[in-house]
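The values are calculated or read from the model by the stated rules, or taken from the named source; none is laboratory data. Please read all numbers here as calculations on a predicted model, not as lab measurements. Cβ coordinates were reconstructed from backbone atoms using ideal geometry, including for glycine residues, and neighbour counts include every protein chain displayed. Side chains are part of the model used for accessible areas, which takes the heavy atoms of the whole protein and leaves out ligands, DNA and RNA. Shrake-Rupley method; radii C 1.70, N 1.55, O 1.52, S 1.80 Å.
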Amino acid sequence: MPSREEITRHHEAPSDDDVWVRGRPDPEPIHVVDHDPEWAVWFFQVAALVRSALGDRVKDIEHVGSTAVLGLPAKPIIDVDLTVDDPADEDSYVPDLEERGFVLTVREPLWHEHRLLTLASPAANLHVFGPDCPELVRHRMFRDHLASHPEDLALYRDAKLAAAAATTEEGGIVMDYNRRKEPVIRRIYDRIFAEHGLL
């Protein structure tokens, strides 16, 4: 289990960190749409695909992010946290996932060795972390908090819609969208940590 300090520490990504495996993506509109109950079905399809590819190399798999929160608008892309023994050992899992249609898109060794693989159908972002990674705890706390705190769900919804509109107008990419949401995300995280006695 990660420490309190690890869980409450916000990641500061270097602005010049080139994380894109296949080059920076082209700008495209950011579409945030109303919650769709079908997203839960998509997650089970993605999870089954991952388990069929990796078997017992899957230490855990969770539906996280906005599509996992009932009533929260989101980009129609399922966020999935996959736990493996060592995300840096790409040869142990990436080729088998690529055979199922996943594409290694982002490599972030400075952020808990995070790897991101994308899937076209159903649309998904597969986030790969190692055991006891604090980000796994943070993602689940954020998801569960929004599901039970309507005022923060509304706050985050408004931030997402504003960030999507501004990023689309500017011609940015999804990381620009994420940066615009970051102040509100951190504010909500601080409330979560205080509620759990971590601050």
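Using C-alpha positions alone, give me the convex hull volume of the stretch 69-199 per residue in cubic angstrom. Display every interim value, and only then the final one.
Working: hull volume 15.7 nm³, N = 131.
Looking at the stretch 69-199, the number lands at 120 Å³ per residue.
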GluC sites (Glu not before Pro) in the stretch 86-143 lying in a DSSP loop, each with at most 12 other Cβ atoms within 10 Å of its Cβ, come to GLU99
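What does the charge count near ILE78 come to, summing +1 for each Lys or Arg and -1 for each Asp or Glu among other residues with Cβ under 13 Å from its Cβ?
-3
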Sorted by average packing, counted as other Cβ atoms within 10 angstrom per residue and highest first, what order do 170-182, 58-70 take? 58-70, 170-182
Need one number: % antiparallel among DSSP beta bridges in the chain, to the nearest 5. 75 percent
With runs of 4+ DSSP H residues as the only contributors, calculate the mean residue ellipticity of the chain at 222 nm using -39,500 (n - 2.57) per run, divided by the residue total and rounded to the nearest 500. -14000 deg cm²/dmol
Between the stretch 21-69 and the stretch 74-153, what is the C-alpha centre distance in whole Å? 8 Å
Evaluate the charge dipole of the chain about its Cα centre and quote only its size in Debye, nearest 20, assuming +1 on the Cβ of each Lys and Arg and -1 on the Cβ of each Asp and Glu. 500 debye
Around SER66, with a cut-off of 15 angstrom between Cβ atoms, what is the net charge of the other residues, counting Lys and Arg +1 and Asp and Glu -1? -2
Using a Gaussian network model of the chain with C-alpha springs under 10 Å, which one of LEU136, LEU49, LEU110 is most mobile by mean-square fluctuation? LEU110
Where only protein heavy atoms count, and the probe is 1.4 Å, what is the accessible area per residue for the stretch 52-163 in Å²? 40 Å²
If you roll a 1.4 Å probe over the chain with all protein chains in place, what percent of the accessible area is carbon or sulfur? 52 percent
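Given Cα pairs under 8 Å that are at least 6 residues apart, what percent is the relative contact order of the chain?
RCO, the chain: 25 percent.
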